[in-house]
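Peer 1: The following block contains the structure, expressed as structure tokens.
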Amino acid sequence: MIVEKIDLNLDQGTFLTILGPNGAGKTTLLKILSGLVPPTSGVVEFNGRNLHEDSIQVRSRIGVISHRPFLYESLSAWENLYFYGRMYDVGDLDRRIPEILGQVGLELFAREPVGNFSRGMVQRLSIARAIIHDPEALFLDEPFTGLDQQATEILSSVLGRFKTRSRTVVMVTHNFEQALALSDLVMILNRGRMVYLGPVQELDLTLLKELYRRAVEGDR
Amino acid sequence: MPFLKKVWYITWKDIRSEFRTKETMTSMLIFALLVLVIFSFAFNPTPTETKRIFPGIIWVGFFFAGVLGLNRSFARERENDCLAGLMLAPVDRSAIYFGKVLGNSLFMLVVELVTLPVFIVFFDYSVRGSLVALGLIFLLGTFGFVAVGTFLSALATNTRTSEILLPIILFPIIIPVVIAVVQATASIFAGASWSAATLLWVKVLVAYDVIFLVVPFLLFEYLLEV
Amino acid sequence: MTGSIRPVGPSRFWGWVLFVVMVAALYMIFIYAPTERQMGDIQRLFYFHVGAAWNAFFAFFVVFIMSLLYLKTRSTRWDVIALSSAEIGVIFTTIVLVTGPIWGKAYWGHWWTWDPRLTTTLILWFIYVAYLVIRSSAEGENRARFAAVFGIIGFVDVPIVFLSIHWWRTIHPKVIDATGINMEPEMVITLLVSVAAFTLLYFYLLSQRVAIETTGREVSRLRDRLRTRAGL
């Protein structure tokens, strides 16, 4: 999967949604931006710091939510968060973990092994895992797919809180409604290239769909 | 040092996970005992023969059980794509390697500790020799096996035929450990705990352990590329 | 790589050189070299054995170097040479493992004596096979990278294996393994020519295999491009 010629500049606090058909390279782009995969050419920088060179420093300021939960089934919710908290050098975990479990509505299940969780609970815990270190930038790969009602509400409120606190968010999604509701900026990716980048302000659902259709078809 | 702390927490996670279910260690234990039983039926050794082959049999049991455990080592990380979660975290990738080596070594040592007395009883073997020397050999040998084994298990786990691949690629590489550890164990059980022969094999094991900790450390990130 | 497929591989010239040297070697092995006093004609296997043995190890050294180069540069060229050298290396190693015991049986009356050199060659065979199995088991991107990593691990292991077996043997000496051949000057020359012939053979085969692999990959690449164009 190849992604090329992406030139992107995001101000702190911007919420960007990336749209595009399957195979357009959205996940690949997200992997590069979040530091999982190094770019073959070009750089990814956060506040002037190169992601792939100063990687340990920069990664501690990034959070990622993917459709894979990154959770250990035989460990409890508390233990999972404790582990990731340690990996991200989060201080005062005895206070932070209950706080964040509260935010995702899992306070009562702290000592339950994740293997016993329902799908919705796993997703909520995954959100908690992603934000335990209070990242400056959050990357989400199709986060709303397959979420139950409660998890969707929680995720929306977490993202809303992020916006008010001027955190940067990059979200890959298929969901136009969510894109419009949450983002400031929208990017359309097709065949590995950026075919549209623009603000969401003037758009409504019909306009966005039309824009998308034209961008993808016009790129044949 | 933050690096060592993170290594420790990765080890902690593996130990915590394993001790919750104890699946892997139990399977390893049972497999080692099965090897013991099969060897007994296959060789039906006389007491003199037992004396000679005992060190070999126990280590064969440990190594075969060890491969079983190693297979599981990275399988757990693949479950929920946890490996990606670790790679996204501000953690040196080699910390993942060291953390797992420590965890796997511990599991294997526990299995060895439990099965050795069983082997001794079952084969009616009279043990002699220094416990310290024996302990040293067990530590060095297990560690060497696990150092390469963990590394190659990370490789095998990302292939189509992961479980069958690991023994095929691991066993040729650990031949020196097999030779050293069996010779040293035999030497100790024969009462020559700190003889020149034993010390030679200790040196071989130390050299092997160092080399096969450093080389995998240098190469580990090549295995993790996504 | 450009889109055209050019004829590649060893040139005719080297093919002829190989032919000439090989014929010369065979002549020397079977006719020129004198019959060994104690072992008789079976000793002539020795020239094949040594010729193949040297190349079996050299081929893995090549795999090692190519593995390092590949990890450093990620250029497929090195991966192709590594793969080719490994395949040819297995063949030479097999020749060593076949001629060794035959000769051993004839000379000492034992098929296998755990001689350190021959036993190390046996382990080398397993390392080669493991290398090739990794190649078939790994998918896509991982294939070349994993193989390269293992090529390095395997190469580092070989000397340690040899030393371990050597020390193990000195504690349990079984059969004397001295190559007690009185080497008359004609034999030495024959040996040198044989080794040269086998080495040329190695390079010739390597070059052929690299050509086949390169062409094959180019064909695949073009086929995939055609498929994408056709929208499949």
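Only the coordinates and a few stated rules stand behind these numbers; no lab work does. Since the model is a prediction, treat every value here as computed from it, not as a measurement. Heads up, the Cβs are rebuilt from the backbone with ideal geometry, glycines too, and the neighbour counts pull from every protein chain shown.
Peer 1: Would you please state the base-10 log of I(q)/I(0) at q = 0.20 1/Å for segment C:1-116, with intensities from the Debye formula using one equal scatterer on every alpha carbon?
Peer 2: For segment C:1-116 at q = 0.20 Å⁻¹, log10 I(q)/I(0) is -1.16.
Peer 1: Between C:LEU26 and B:LEU113, what is the spin-label point distance in nm, taking each point 7 Å from the Cα along the Cα→C-beta axis?
Peer 2: My value for the distance between the label points is 6.5 nm.
Peer 1: How would chain C be classified by its alpha-carbon gyration tensor: rounded, prolate or oblate, with rounded meaning a/c under 1.5 and the a/b versus b/c comparison settling the rest?
Peer 2: In terms of gyration-tensor shape, oblate.
Peer 1: Something else: Suppose every K and R has +1 on its Cβ and every D and E has -1 on its Cβ; what is the size of the dipole of the protein assembly as shown about the Cα centre, in Debye to the nearest 20?
Peer 2: Using only the charged Cβ atoms, the result is roughly 760 debye.
Peer 1: Using a Förster distance of 60 angstrom, determine the FRET efficiency expected from the C-beta separation of A:ARG111 and A:SER41, and round it to 0.05.
Peer 2: 0.80
Peer 1: Find the Cα radius of gyration of segment B:153-219, compare it with 2.2 N^0.38 Å by division, and give the number to two decimals.
Peer 2: After normalising by residue count via 2.2 N^0.38 Å, the value is 1.40.
Peer 1: If you don't mind, there's one more thing I want to ask. In segment B:106-123, which residues have a backbone nitrogen under 20 Å from the label point lying 7 Å from B:ALA42's Cα in the Cα-to-Cβ direction?
Peer 2: B:112, B:115-116, B:118-123
Peer 1: Please compute, for peptide C:129-137, the average count of beta-carbon atoms on other protein chains lying within 10 Å of each residue's beta-carbon.
Peer 2: For this peptide, the per-residue mean of nearby foreign Cβ atoms is 5.
Peer 1: Let me ask you something else. Quote the Stokes-Einstein diffusion coefficient, in whole µm² s⁻¹, for segment A:1-97, based on the Kirkwood radius over alpha carbon pairs, a temperature of 20 °C and a viscosity of 1.002 mPa s.
Peer 2: 136
Peer 1: Would you kindly compute the Cα radius of gyration of segment C:48-178 and its largest Cα-Cα separation (Dmax), both in Å?
Peer 2: So, for segment C:48-178, Rg and Dmax equal 16.1, 50 Å respectively.
Peer 1: For segment A:53-191, calculate the relative contact order in percent as a whole number, restricting contacts to Cα pairs under 8 Å that are 6 or more residues apart.
Peer 2: Rounded, it is 29 percent for segment A:53-191.
Peer 1: Shifting gears a bit: Rounded, prolate or oblate: which one fits segment A:72-134, using the alpha carbon gyration tensor with axes a ≥ b ≥ c (rounded when a/c is under 1.5, else prolate when a/b beats b/c, else oblate)?
Peer 2: Prolate, because a/c is 1.5 or more and a/b exceeds b/c.
Peer 1: Quick one: in chain A, what % of C-alpha pairs are over 28 Å apart?
Peer 2: In whole percent, the share of Cα-Cα pairs in chain A beyond 28 Å is 30.
Peer 1: So what's the angle, to the nearest 10 degrees on a 0 to 90 scale, between helix B:196-224 and the longest Cα principal axis of chain B?
Peer 2: That helix lies at roughly 20 degrees to the long axis.
Peer 1: Report Rg/Rh for segment B:58-186, rounded to two decimals, where Rg is the Cα radius of gyration and Rh the Kirkwood radius.
Peer 2: Rounded to two decimals, Rg/Rh equals 1.02.
Peer 1: How many Cβ atoms of partner chains, on average, are near each residue of B:147-158 if near means within 10 Å of its Cβ?
Peer 2: 3
Peer 1: Apply the a/c threshold of 1.5 to the C-alpha gyration tensor of the protein assembly as shown and tell me whether it is rounded, prolate or oblate.
Peer 2: In terms of gyration-tensor shape, oblate.
Peer 1: With an 8 Å cut-off on Cα pairs and a minimum separation of 6 or more residues, tell me the relative contact order of segment A:41-132 in percent.
Peer 2: About 34 percent, as a whole number.
Peer 1: Next up: Angle check, please: helix C:185-229 long axis (alpha carbons) against the longest principal axis of chain C (alpha carbons), in degrees 0 to 90, nearest 10.
Peer 2: Around 20 degrees separate the two axes.
Peer 1: Shifting gears a bit: With a point put 7 Å past each Cα toward its Cβ, work out how far A:ARG161 is from C:ASP224 in nm, to one decimal.
Peer 2: It works out to 4.5 nm between the two label points.
Peer 1: Under a plain spin-label model, where a point goes 7 Å from the Cα along Cα-to-Cβ, how far apart in nm are A:GLU99 and B:ARG78?
Peer 2: 3.9
Peer 1: Quickly estimate the mean residue ellipticity at 222 nm for the protein assembly as shown, helices only: each DSSP H run with n ≥ 4 gives -39500 (n - 2.57), and the total goes over all residues, rounded to 500.
Peer 2: Rounded to the nearest 500, the figure is -23000 deg cm²/dmol.
Peer 1: I've got another one for you. Could you sort out which of A:LYS31/B:LYS13; A:LYS5/C:LYS72; B:LYS51/B:LYS203; A:LYS5/A:LYS26 sit more than 21 Å apart by Cα distance in this structure? Display every interim value, and only then the final one.
Peer 2: Values: A:LYS31/B:LYS13 25 Å; A:LYS5/C:LYS72 25 Å; B:LYS51/B:LYS203 25 Å; A:LYS5/A:LYS26 13 Å.
From A:LYS31/B:LYS13; A:LYS5/C:LYS72; B:LYS51/B:LYS203; A:LYS5/A:LYS26, over 21 Å: A:LYS31/B:LYS13; A:LYS5/C:LYS72; B:LYS51/B:LYS203.
Peer 1: Quick check on packing: order A:150-158, A:40-48, B:162-170 by the mean number of other C-beta atoms within 10 Å, highest mean leading. Spell out each step's value before the answer.
Peer 2: Working: A:150-158: 17.3, A:40-48: 11.2, B:162-170: 19.7.
Ranked by mean Cβ neighbours within 10 Å, highest first: B:162-170, A:150-158, A:40-48.
Peer 1: When you look at the Cβ of every residue in A:25-35, what mean number of other chain Cβ atoms sits within 10 Å?
Peer 2: 1
Peer 1: When only Cα pairs under 8 Å and 6 or more residues apart are kept, what is the percent relative contact order across segment B:2-224? List each step's numbers first, then the result.
Peer 2: Values: 225 pairs, mean separation 58.1, N = 223.
About 26 percent, as a whole number.
Peer 1: Run the Debye formula on the Cα coordinates of segment B:2-224, all scatterers equal and no solvent, and tell me log10 I(q)/I(0) at q = 0.11 1/Å.
Peer 2: Rounded to two decimals, the profile gives -0.55.
Peer 1: Quick one: helix C:116-137 against the long Cα principal axis of chain C, what's the angle to the nearest 10°, folded into 0 to 90?
Peer 2: With rounding to tens, the tilt is 20 degrees.
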